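For reference, the structure is listed below as structure tokens.
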Amino acid sequence: PPPAAPGKADVWPQYAASSPEPYSSTVFLSILPISPPAPLMVKYPFRPMAAHHQEHGRLTPDDLFSARDNSGAHGQAEGGYTGEGTARRPGRGDAPCLVPNTVLHALPGGTMGVTAVAFSPDGEFVVAAMADANSAALRVFDVGTGKQIHEAVLAHHRSVYELDWSPTGARILSVSGDGTAKLWSLDTDGGGKRDALFLASTLSHPCYAYTGRFQRRPTPRDGASRRPSSSATASATAPLILATGGADGGVRIWDGRTGVLLSSNNSEHRARVNALVWSVDGGVCFTGDGEGVIKVWEMAGAELRCSHTLNKKELGSSPIDSLSAHPTKRRLLLQLRSGALLALDTRMHHFAARYTGHTTGDYQIRTRYSPDGRFVTAGGAQGGVYIWEEETGALVRHGWRIGLQGPLLQIAWSETEHIIACAAYGASNPFMLCVHDPSIAESAAELTSQTQKLAI
């Protein structure tokens, strides 16, 4: 065939040179009405992928605004927030969290500040680890009043890296650099008031212990306070499992009631285990180490078996300082020592989001999702509070200053109140609790509206 003309494919000259002969033909078209497919409900966190999919479980903008307006109807007294009856999250898991905007309590910290913090499951109490020169104390406070309930003066001989409550709120786990993790028990009378904190068991490690968490069990999200009840009594007989990680790279499983070591795995991680978190249903455990490696574990009886190893090139060899599981999505929040804050899709094993704007320095900063999963919280190296929208990555609080100096190591978010607790390391840093005050939010909105009118 002749060579192709410029800009034309070779097939066209071949077709033109073949002298094709036209012939009659008929094309039949059938035009019929087609019924649209029936709506298919897609339950969040799965996303709709077709026009007939209807997402179920997410709140519309109208619902969000309605919840915001209704949440301001409680908890405000003359002279500002006193903490008595602060605005609660109706429906708990379904109601959106509101971003705190003012200080609720500034409580005395240790001589070197506070290193760890955790809310009780019912949101009524908060425990904080107070750092002193050669020891650490644990203090339990009533969230509403700020009153100290009890104190363990010499809880540990080194810094406490992590605190966690058992699912029923009966035990507190403290993990320390003195080579121990300890279980603390709170006496409960008929009214649910905890008036004693005493050492129930010591979990000895051959190294520094950096992280520890109780295994989670699914709980109803019906807004009810987790007080002792028939369901709580039934759960008291269920196995109480906790896991710890330490400097030797070992992951250990313990009986959360007796403190007995059930199993230990020292062969998977080659570096210290800095962070550990259970999935929401408690079936999977994630651990992160000092070389940027993530291990995925599954429970097999009383043992953890490694099912996956995630060695992502995006992490390099930067230590993983914090892991947090999203309450509804299959996402894992990673805080690296390099300062990078990433969200890992645990199903596809790719990074779904990156959050920027804060610095961590050389400190082990713990980052967390809010209870509803709509926000990401982190502290900064200079004591500022950082809060991002989980889905968009937009900063809601950019280095919010609340009077803390030095690194803000941990921020905990209450499951039942619009309150966060801040643990900052540094000389004489107080223990801070911040709350969402709707009057402040409304004043800001009114000021913005007036400014826009003046501009027009």
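The values are calculated or read from the model by the stated rules, or taken from the named source; none is laboratory data. What you see is a predicted model, and the numbers here were worked out from it, not measured in a lab. With ideal geometry, Cβ positions are generated from the backbone for all residues, glycine too; neighbour counts draw on all protein chains shown. Heavy atoms of the whole protein, side chains included, go into the accessibility calculation; ligands, DNA and RNA do not. Shrake-Rupley method; radii C 1.70, N 1.55, O 1.52, S 1.80 Å.
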**Prompt:** Which one of the conditions (1) under 21 Å from the mean Cα position of the chain (by Cα); (2) modelled with pLDDT under 70 does G212 fail to meet, given that it meets all the rest?
**Reply:** (2)
**Item:** Count of region 288-336 residues which are in contact (Cβ under 8 Å) with a residue 24 or more places away in the chain, among the polar types (S, T, N, Q) and over 23 Å from G380 (Cα atoms)
**Value:** 2
**Asked** Can you tell me which residue in region 316-339 is most open to solvent (accessible area, probe 1.4 Å), limited to those that are polar (S, T, N, Q) and touching a Ser or Thr at 6+ places or on another chain (Cβ under 8 Å)?
**Response** S338
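Matching residues to (1) modelled with pLDDT under 95; (2) hydroxyl-bearing (S, T, Y):
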{"position": "A128", "(1), (2)": "no, no"}
{"position": "A133", "(1), (2)": "yes, no"}
{"position": "Y161", "(1), (2)": "no, yes"}
{"position": "L173", "(1), (2)": "no, no"}
**Asked** Among the residues of region 350-379, how many are assigned to a loop (DSSP other than H, G, I, E, B) and open to solvent by 50 Å² or more (accessible area, probe 1.4 Å)?
**Response** 6
**Message:** For the list (1) at pLDDT 95 or above; (2) part of a strand (DSSP E or B), I need the number of the one condition that E298 fails.
**Reply:** (1)
**Asked** Condition test on W413, is it of a type outside the set (A, V, I, L, M) and touching a Pro at 6+ places or on another chain (Cβ under 7 Å)?
**Response** yes
**Prompt:** Mind checking which residues of region 340-349 are assigned to a loop (DSSP other than H, G, I, E, B) and surrounded by fewer than 17 Cβ atoms within 10 Å (Cβ to Cβ)?
**Reply:** R347, M348, H349
**Prompt:** Any idea how many residues of region 241-253 are assigned to a strand (DSSP E or B) and open to solvent by less than 10 Å² (accessible area, probe 1.4 Å)?
**Reply:** 7
**Item:** Filter pass, P45 being at pLDDT 80 or above, open to solvent by less than 90 Å² (accessible area, probe 1.4 Å) and closer than 17 Å to R374 by Cβ
**Value:** no
**Prompt:** How many residues does region 126-143 hold that are open to solvent by 10 Å² or more (accessible area, probe 1.4 Å) and assigned to a strand (DSSP E or B)?
**Reply:** 2
**Complete:** Residue set A106, A116; condition part of a strand (DSSP E or B), among the small types (G, A, S) and open to solvent by 20 Å² or more (accessible area, probe 1.4 Å); output residue A106
**Message:** Residue pairs, Cβ under 9 Å, 6 or more apart or interchain, first in region 199-214 and polar (S, T, N, Q), second open to solvent by 30 Å² or more (accessible area, probe 1.4 Å). List them.
**Reply:** S201/D255; S201/R257; S201/T258; S201/V260; S204/L261; T211/Y161
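For (1) surrounded by fewer than 19 Cβ atoms within 10 Å (Cβ to Cβ); (2) modelled with pLDDT of 90 or more; (3) out of contact with any Cys (no Cβ under 8 Å at 6 or more places or on another chain), each residue gets a yes or a no:
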position: T145; (1), (2), (3): yes, yes, yes
position: G192; (1), (2), (3): yes, no, yes
position: A200; (1), (2), (3): yes, yes, yes
position: H205; (1), (2), (3): no, yes, yes
position: R217; (1), (2), (3): yes, no, yes
position: P228; (1), (2), (3): yes, no, yes
